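Below you'll find the structure, written out as structure tokens, and then a few comments.
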Amino acid sequence: MISKFSVKKPYTVLVCVLLVIVLGVVSISKMTIDLLPNMSFPYVIVVTTSVGSSPEEVESNVTAPIEASMATTSNIKNITSSSNNSYSMVMLEYEQSTNMDSTIIEIQQKIEQLKSGWDDKVSSPIIMQINPNMLPIMTAAVDVKNLNANELSEYIDNEISPNIESIEGVASVSTAGKLEQKVNVTLKQEKVDELNAKIKEGISAKFSDAKNQMDSASSQIENGKKQMQNGKDTLSNTINETLKQRDESYEKIADITEQLKKLVEQKTSLMKVQGAIVGYMSSASYQNLQKKLESLASLTSAEKITNNDASIESQIAELRKQIEDENSQIRQQFESLKSIGLEVNDYNDLIQVAGVVSEDLATINTQITTLTTALTELSAGNIATSAIIDTLNSNAAIASMEMATNSATLQSAADKLTNSKKEIETAENSAISQADLNQVLSVDTLSQILVAQNFDMPAGYVTENNTKYLVHVGKKVKDVKALRKLPLIDVKMDNVSMIRLEDVADIKMADNSDQTYAKVNNKPAIMLSMEKQTGYSTGDVTKSLKEKFKNLEKDNKNLKFSILMDQGVYIDIIVKSVLQNMIFGAILAIFILMVFLRDYKTTIIIGCSIPLSVIFAVVLMYFMGITLNIISMSGLALGIGMLVDNSIVVVENIFRMKQEGEEIKAASVVGTNQVAGAIIASTLTTVSVYAPIVFTEGITRQLFVDLALTVAFTLVASLVVALTVVPAMSSVILKNSGEKEIKWFTKIKDQYENFLGLCLNHKVIVLSVTVAFLIISAIASLSKGMTFMDMDMETNQISVTLSSKDDETLKFDELKKLSDEAIKRIRKVKGVETVGAMAGGNSGISVLNTGSSTSATMYVLLDEKSDESVKEVSKNIEKVTKDMKCKIKVESSSVEMTAATGDGIAVQIKGRDIDKLQSITKKVYKLVKETEGTIDVSDGLDNEMDEFEVTVDKEKAAEHSYTVAQAYQLIYNIMKSETSATTIETDVKDYKVYLASEKQNDVTLDTIKNLTFTSKDISGAEKQVPLSDIASFKKTKTLSSIARDSQSRYLTVSAKIDDKHNVTLVGNKIQSEIDKLDIPSGYSVKMSGEDENIKESMGQLTQMLVLAVIFIYLIMVAQFQSLVSPFIIMFTIPLAFTGGFLGLFITGKTLSIIAMIGFIMLAGLIVNNGIVLIDYINQSREEGMEKREAIISAGLTRIRPILMTALTTILSMITMAIGVGDGSELMQPMAITIIGGMIYGTLLTLVVEPCIYDIVHHKE
């Protein structure tokens, strides 16, 4: 019906063709060109910081609650997480069909519920949805001659970045290696102490007057007390003295009385002696003695005169004897006087004693008189003294009462004065304590003051006199000088003026030059990373960027851009390769038509259907929102060979009908109608193989939907063209064409007839050989293992990573020196044009490997004019850097899918206890490392970090009223890093102000060990206690991060596979070894990574293949209205698979996801040959032809269209299969699979299908 209309109204068809061409041109001009299809990843990342928390604390306090809450969100598929020092990262994976906008809202609601239960140190989580547009489309290095690093950074910020961001399609520009100037404000303890001393001095001066008044009053009270005490002492002394005098008087009276008694006794004794002496002297004896003495004296005188007269001497002697006798009597009589100290030996002594006694008596009498007088006076004095004492005692009692009252008054005043002094001292100490700048000006409070002082904000509007005024409050600090003079506190003291920032801190300009590194050809440079906006073509944006670079370089001759990574390069490679393959494919297809038809007119008709079908397909792609990318354009390239199939069948049948005598228009209508059902069925079977793709998931579906739709659109377009344009053109162009004999093809037909007859006679052998080949080819191909896809496309870029050797560390300065040396050496390698390197810093190029503080990443650009290949340059780079004291890794830059598909082997060990996990992990690590083919094996335990463990003894801490939390706060306060407090907005640029204390800049482990804290006892007395008294210190190791999957902890043993081995084969060996391990209950070990992703994707594609086969069979049942004929045709599929396996094995390719797509496509393609063949057999038998004759006749009749359609498909892919053009590597396995399957399947279809038909219908 459609063909009849087309033949009758050719101009209508022409208009439609022109309309399609116009729409195609517009569509192509508006379609975006990207590297990969638009992929939406149903992933959300929740990042939460918890400053100062260990990985274990982060896991229990933050990660686990988030996971538990997120597990209840709609359509959640899997949850993974990583708990690190001070932050948590939870990745949520949702089902592919999930509406991520509503999911984000649900996540936010769940997070809000959690936040109320978190500590203050846990920040508000950041929720990020993963977007493929986050990947940079271009990375470039910028350097300017005669500019230092700081000037270059300012130039980038002020000139380059704004210019690039203004380009249409550029979303953002990130930088790496840029010097960021900042203002460091370091709180200086020396300055604070100096101000504290002045403040203390001022406060003390204010309290000194009150103290002086108190001291004066205290002095007066003391003087009063002294005077009162002196009076009291004087009165007491007077009374005591009087009493003493009285007592002394009493003592004297007693003494005098005693003396008088003794004197009287002496007088009595002396008077007795005197009476004895007087009595003796009055006695006759004494008178006789006197006379004798006188006579002796006379005789003595006479003797002297007579000169010794004997008589006289005799008389003298007699007298002397008599006198001596008298003396003897005197001695005896007065012997008793010796007792009183008087000795009387003779009369002379007696006279003397008498004199002495007389004198003593006179003396005693005098003394007695004197003592008696004194005694009388003393007695009178005692009476007076007693009266005085009574008076004094009376006065003392009165004075005592008065003094007691006065003393109490003075004491009360003294007590009040003492309390006042204490209050003043307390007030002074409190004032000094409150004015202590160490408490007032901590880093936190200083930060708040800076924010509050550096303030600028509109408050609102005020209308006055019909004029509306904007009320603006504040004015921000404009430069560092103003920051130094920023007022902080006015303590209102004469000796301390307004305290400004410079009085308590050092303010210095600084930069991050010690933390970042970026160079191009050993000159300072900055790396720029550009991201595109959603909806814009990557190719267009990268072209615009390159044009902008050229214009900027023209404006500034010293400016140079070096492009390090450009997705546009890959896109150009792909576009060029696909277009090249499309053109070659079309040329080869047309060549096949010329060879088989030997008629340029029919070739023109079919040749015109190729571009028309492609344009029609592009229009459909545009309206379906499909971009031009490596997948969709490969679909177009694949469709080139298949889209001529329908046209070939129609033209060949029209040509045959015309040769049978039909008029050209009738032949065009009848010939088209005759094969319309067959080509519709064949098109539907080919398209149907892509329908099951809706049942696949993840990256498999996202990658291949574009391919499926593009091929389907191409085939639908070719069907429409075959049913409309081809008959219309044939009715005009083929009027005068005639059949030309093709001798070589006639010989092929004759040989085929003989061979087919032979095969029909030996059907069992044919089928047995066919099955054997299928089994052998499948085993041979699968023995090489499987891969995901080959995205390695060689470019002019090489990536070099410089890092420390194993078990060694590199300081950042050492890393920079080694990087400089490496750049110097690499630049000397032949073929190298530019070397860019970067390391450290907080680069904004988050998704690009920009190195770290322990590694440097270099991008080596090759000279396009050089003959050196990438591999040769890579080997030379390894050679020249071999002796360097670091690890050098050289890789050729390529488009990689490792982020989405994994890289190599990964074994995940799940469980609860970290120690058990590590034990199992070590076992798995050992078996993975011992497995042949594994390299760069990692046990996942290399993320250990040094830990300084401070264990607080709670018992000891409690003795000092101290807690573990207080100990943490003590340590945390000295370890806090510098914090951004505010920003200075100058006319040139903005500077962030960072605050830190002097202690925070110099913290060591010894600093922590030597910390002290203040402890108070029950009385309130304070003392400093060393932290070491209540805590122990230990250096240890701990995991720097804790990974979780489905709310369970896990560790991962990972390994890469060397070039000689296949990832799936090695994975199978490892899995078999894992199965032998004795895994504790509650723990699991499973494979993950690229190996598992391949198996998962293969499983999905196998399911897709099974569904495709079912759909093909059902479509053919509907066409043939039979269950048997489609069953026979289905045997062509294993024939094609045999050819696909053989093709992969012979070319050395492994079975990949792309090759699997080829097998699915083969299922739809190969049945077309069977449909054409079986349909013709059925038609011949319906016309009455015998079965064997019908089989052979159908083979001879349909061999030409079958070979033509097969060869056009094969040759259209031959350039892709042999890797013509850069970027053809991706689709090469699919092309090889299809070519191998079409060659083997087509040839055996012509033989095996007739044999199977004969077997099935053997009774007929």
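Could you tell me the calculated FRET efficiency between residue 29 and residue 1056, based on Cβ-Cβ distance and R0 = 56 angstrom, to the nearest 0.05?
Numbers: r = 44 Å, r/R0 = 0.79.
Given R0 = 56 Å and the Cβ-Cβ separation, E is 0.80.
Shape verdict for segment 517-655, please, from the Cα gyration tensor: rounded (a/c under 1.5), prolate (a/b greater than b/c) or oblate. The partial results should precede the final answer.
Values: a/c = 3.91, a/b = 2.88, b/c = 1.36.
Here segment 517-655 falls in the prolate category.
Here the spin labels are modelled as points 7 Å beyond Cα on the Cα-Cβ line, and at residue 1106 and residue 324 they lie 18.0 nm apart.
A simple rule links phi to the HN-Hα coupling: the Karplus curve 6.51 cos²θ - 1.76 cosθ + 1.60 with θ = phi - 60°, which for segment 71-85 gives 5, 9, 6, 5, 6, 5, 10, 7, 10, 10, 8, 9, 9, 10, 4 Hz, with x for Gly and Pro. Rounded to the nearest 0.05, the FRET efficiency derived from the C-beta distance between residue 283 and residue 362 at R0 = 35 Å is 0.90.
For residue 369 and residue 929 in one chain, what is 0.36 nm times their gap in residues minus the Cα-Cα distance, to one decimal in nm?
Additional length available on full extension: 187.7 nm.
In segment 1124-1189, which GluC sites (Glu not before Pro) are in a loop and have at most 13 other Cβ atoms within 10 Å, using DSSP for the loop call? All intermediate terms of the calculation are to be shown ahead of the outcome.
On the way: sites: 1182, 1183, 1186, 1189; in loops: 1183, 1186.
Answer in residue order: 1183, 1186.
Applying the Karplus relation 6.51 cos²θ - 1.76 cosθ + 1.60 with θ = phi - 60° to segment 774-788 yields 3J(HN,Hα) values of 4, 5, 4, 5, 5, 5, 4, 5, 5, 5, 8, x, 9, 10, 7 Hz, where x marks Gly and Pro. In plain terms, the chain from residue 623 to residue 310 could stretch by 92.4 nm, reckoned as 0.36 nm per residue minus the Cα-Cα distance.
Placing a pseudo-label 7 Å from each Cα along the Cα-to-Cβ vector at residue 959 and residue 1036 gives an inter-label distance of 2.3 nm. For residue 566, the residues whose modelled amide H falls within less than 5 Å of its own, excluding neighbours fewer than 5 places apart on the same chain, are 139.
Computed from the C-beta positions of residue 201 and residue 507 and an R0 of 25 Å, the FRET efficiency is 0.45 to the nearest 0.05.
In straight-distance terms, cross-link reach from residue 1149 covers every one of the lysines whose alpha-carbon lies under 16 Å from its own, apart from those fewer than eight places away in the same chain; here that gives 784, 1060.
In what order do 1013, 1137, 1131, 755 fall by count of nearby beta-carbon atoms within 10 Å, going from fewest to most? Let's see the in-between values first.
On the way: 1013 18, 1137 24, 1131 21, 755 13.
Going from sparsest to densest Cβ surroundings: 755, 1013, 1131, 1137.
Karplus-based coupling profile of segment 654-669, in residue order and whole Hz: 4, 4, 5, 5, 5, 5, 7, x, 6, 5, 4, 5, 5, 4, 5, 6, with θ = phi - 60° in 6.51 cos²θ - 1.76 cosθ + 1.60 and x standing for Gly or Pro. Arranged from fewest to most other beta-carbon atoms within 10 Å of their beta carbon, 1014, 603 become 1014, 603.
Taking a point 7 Å from the Cα of residue 827 along the Cα-to-Cβ direction, the residues of segment 522-547 with backbone N closer than 14 Å to it are 522-525. Ordering of 111-118, 1232-1239, 154-161, 481-488 by packing is 1232-1239, 154-161, 481-488, 111-118, highest average first (other Cβ atoms within 10 Å, averaged per residue).
Extension gain residue 272-residue 425, at 0.36 nm per residue separation less the Cα-Cα distance, in nm?
Working: separation 153, 0.36 × 153 = 55.08 nm, distance 8.92 nm.
Length difference between fully extended and current span is 46.2 nm.
Distances between placed amide hydrogens fall under 5 Å for residue 511 paired with 182, all partners being 5 or more residues away or on another chain.
Bear in mind these aren't lab numbers, they're just calculated from the coordinates by the rules spelled out. Just so we're clear, the structure is a prediction, and the values are computed from it rather than from any experiment. FYI the Cβ positions are ideal-geometry reconstructions off the backbone, even for glycines, and counts take in every protein chain you see.
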